[in-house]
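As structure tokens, the structure follows; a few thoughts come after it.
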Amino acid sequence: MAKVTLSNITKVFGKDVVAVDNVNLEIQDREFVVLVGPSGCGKSTTLRMIAGLEEVTSGDIHIDGRRVNDVPPKDRDIAMVFQNYALYPHMTVYKNMAFGLKLRGFPKAEIDQRVREAADILSIQELLERRPKELSGGQRQRVAVGRAIVRKPKAFLFDEPLSNLDAKMRVQMRAEISRLHTRLASTMIYVTHDQVEAMTMGDRIVVMKDGLIQQVASPLELYENPANQFVAGFIGSPPMNFFHGILEPRQGGLVFNEGQFTVRLEDSQASRLGERAGRPLVMGIRPEDITDSLYTSGGDPAQKVEARVDVVEPMGAEVYLYLNTGSHTFISRVNNHVQPNVDEKLTMLFNMKKSRFFDPDTGAAVA
């Protein structure tokens with residue numbers, strides 16, 4: 001397996017379209033790293049430069065300590081799994097998996113051993129004599145992964161491999177790829193626009209926007225301590241709520257004044273943000289940290305907010321409430337015993353210990 005290092009990587013298309021802008025990233029041996037971000041953020045272009053399918057405009061890529069900028073894709077010792085399965089329709093599953101090894105001149109006995117080992121890992125032994133048209137989408141994706149496994153490469157690259165699958169199959173394949181990473185103990189770089197995939201699969205997540213890396217961290221670190229407002233809003237489902245307002249000193253502390261409501265900051269937050277009193281800020285708080293005070297014992301009255309119910313979405317074990325303060329709408333995720341009516345007024349308790357604050361101009365986290 002291999003360590004992959006990107007040093008000041010930039011990719012420019014044409015004269016002035018900067019797809020990837022000065023990216024620096026170090027992926028450790030046997031690590032599972034996920035590149036995530038909205039369409040056009042540069043994540044797939046970054047992956048394709050690692051694979052050698054796109055030329056690097058500037059910067060260096062090293063795989064296992066070897067600079068590979070000018071090395072052809074076939075000589076980089078990586079295997080790539082695409083969104084479209086790219087299987088040969090006239091070949092059986094066995095021949096699809098064996099084809100790359102056959103081109104490289106491997107002995108028949110070793111080809112057979114590798115193909116059957118991969119089929120066993122992916123539980124597709126009974127599919128080896130079928131052709132792609134006889135397979136479901138999930139089975140085709142397993143074959144594409146199996147074709148990569150037989151190569152025994154230094155690194156696996158996945159470019160949105162589950163996008164063509166239905167929701168249930170995506171969940172199943174997420175688990176299978178995670179198990180595969182554990183079993184193979186291999187370096188894997190995975191691209192997706194789906195933040196749920198990123199959170200459930202990656203050892204570390206690289207959040208990208210406009211060709212720039214916004215933050216690199218573990219899933220829990222990203223969720224609890226986002227570096228900026230973009231990361232905070234992109235990671236998490238439902239997304240974090242944001243409120244624009246001003247910090248004001250009151251009763252020996254600080255309150256966040258949204259215009260329609262005020263909430264008192266925790267003392268630790270007030271000590272960190274004291275110098276920003278009187279200045280605009282953006283407050284972020286996740287839906288699960290806003291609860292119906294009727295079902296919450298205690299709570300600081302200065303952290304309660306009156307809101308009107310716009311929409312109620314029962315999700316089974318929990319309910320999403322879309323609430324309106326008059327100037328802001330926000331989402332609360334509550335237990336399923338909370339079933340208010342539309343237009344009903346509720347008193348919601350904000351868990352300010354979990355709130356985050358951002359600079360309204362730069363978006364950078366300030367507390």
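The values are calculated or read from the model by the stated rules, or taken from the named source; none is laboratory data. Source: prediction; values computed, not measured. Cβ: placed from backbone, ideal geometry, glycine included. Neighbour counts: every protein chain shown. Just the protein is used for accessible areas: all its heavy atoms, side chains included, with ligands, DNA and RNA removed. Shrake-Rupley method; radii C 1.70, N 1.55, O 1.52, S 1.80 Å.
Quick notes on this structure:
- Qualifying positions in region 292-346 - farther than 20 Å from V263 by Cβ and among the polar types (S, T, N, Q): N335, N336, Q339, N341
- Among the residues of region 126-143, those that are open to solvent by 40 Å² or more (accessible area, probe 1.4 Å) and over 32 Å from the mean Cα position of the chain (by Cα) comprise E126, E129, R130, R131, E134.
Residue-by-condition table, conditions (1) among the polar types (S, T, N, Q); (2) surrounded by fewer than 17 Cβ atoms within 10 Å (Cβ to Cβ); (3) under 26 Å from the mean Cα position of the chain (by Cα):
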| residue | (1), (2), (3) |
| --- | --- |
| V282 | no, no, yes |
| P301 | no, yes, no |
| D310 | no, yes, no |
| E313 | no, yes, yes |
| G316 | no, yes, yes |
| F330 | no, no, yes |
| N341 | yes, yes, no |
| L349 | no, no, no |
| K354 | no, yes, yes |
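- Enumeration of residues in region 172-192 that are in contact with a helix residue (DSSP H, G or I) (Cβ under 8 Å, 6 or more places away or on another chain) and more than 14 Å from F156 (Cα to Cα): Q172, M173, R174, E176, T192
- Long-range neighbours under 8 Å by Cβ, at least six apart or interchain, first residue in contact (Cβ under 8 Å) with a residue 24 or more places away in the chain within region 1-23, second open to solvent by 60 Å² or more (accessible area, probe 1.4 Å) and among the aliphatic types (A, V, I, L, M): T10/V18; K11/V18; V12/V18; D21/L212; N22/L212; V23/L212
- Some residue of region 194-207 being open to solvent by 30 Å² or more (accessible area, probe 1.4 Å), farther than 18 Å from E160 by Cβ and touching a residue at least 40 places away in the same chain (Cβ under 8 Å): yes
The rows are residues; the columns are (1) out of contact with any Pro (no Cβ under 6 Å at 6 or more places or on another chain); (2) at pLDDT 95 or above; (3) of a type outside the set (D, E).
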{"position": "D194", "(1), (2), (3)": "yes, no, no"}
{"position": "N228", "(1), (2), (3)": "yes, yes, yes"}
{"position": "V231", "(1), (2), (3)": "yes, yes, yes"}
{"position": "G252", "(1), (2), (3)": "yes, no, yes"}
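- Close pairs (8 angstrom Cβ cut-off, 6 or more residues apart or separate chains): at positive phi in region 50-73, surrounded by fewer than 16 Cβ atoms within 10 Å (Cβ to Cβ) anywhere: G52/V71; G52/P72; G52/P73; G59/S7; G59/N8; G59/N22
- Number of positions in region 309-367 that are assigned to a loop (DSSP other than H, G, I, E, B), within 30 Å of A270 (Cα to Cα) and either in contact (Cβ under 8 Å) with a residue 24 or more places away in the chain or polar (S, T, N, Q) (or both): 12
- Identity of the residue in region 220-248, open to solvent by less than 20 Å² (accessible area, probe 1.4 Å) and touching a Gly at 6+ places or on another chain (Cβ under 6 Å), that ends up nearest to F261 (Cα to Cα): M240
- Qualifying residue in region 154-161 (condition: at pLDDT 90 or above and surrounded by fewer than 19 Cβ atoms within 10 Å (Cβ to Cβ)): no
- Selection status of L323, farther than 25 Å from G253 by Cα, exposed (fewer than 12 other Cβ atoms within 10 Å of the Cβ) and either hydrophobic (A, V, I, L, M, F, W, C) or modelled with pLDDT of 95 or more (or both): no
- Residues of region 98-125 classified as open to solvent by 40 Å² or more (accessible area, probe 1.4 Å), part of a helix (DSSP H, G or I), within 24 Å of A51 (Cβ to Cβ) and of a type in the set (A, V, I, L, M, F, W, C), total: 3
- Close Cβ contacts (under 6 Å, 6 or more residues apart or on different chains) running from residues in region 91-114 that are closer than 10 Å to R151 by Cα to residues that are charged (D, E, K, R) and modelled with pLDDT under 95 comprise M97/R147.
- Here E54, E31, E26 are screened, and the one residue that is in contact with a helix residue (DSSP H, G or I) (Cβ under 7 Å, 6 or more places away or on another chain), within 27 Å of M208 (Cβ to Cβ) and not polar (S, T, N, Q) is E54.
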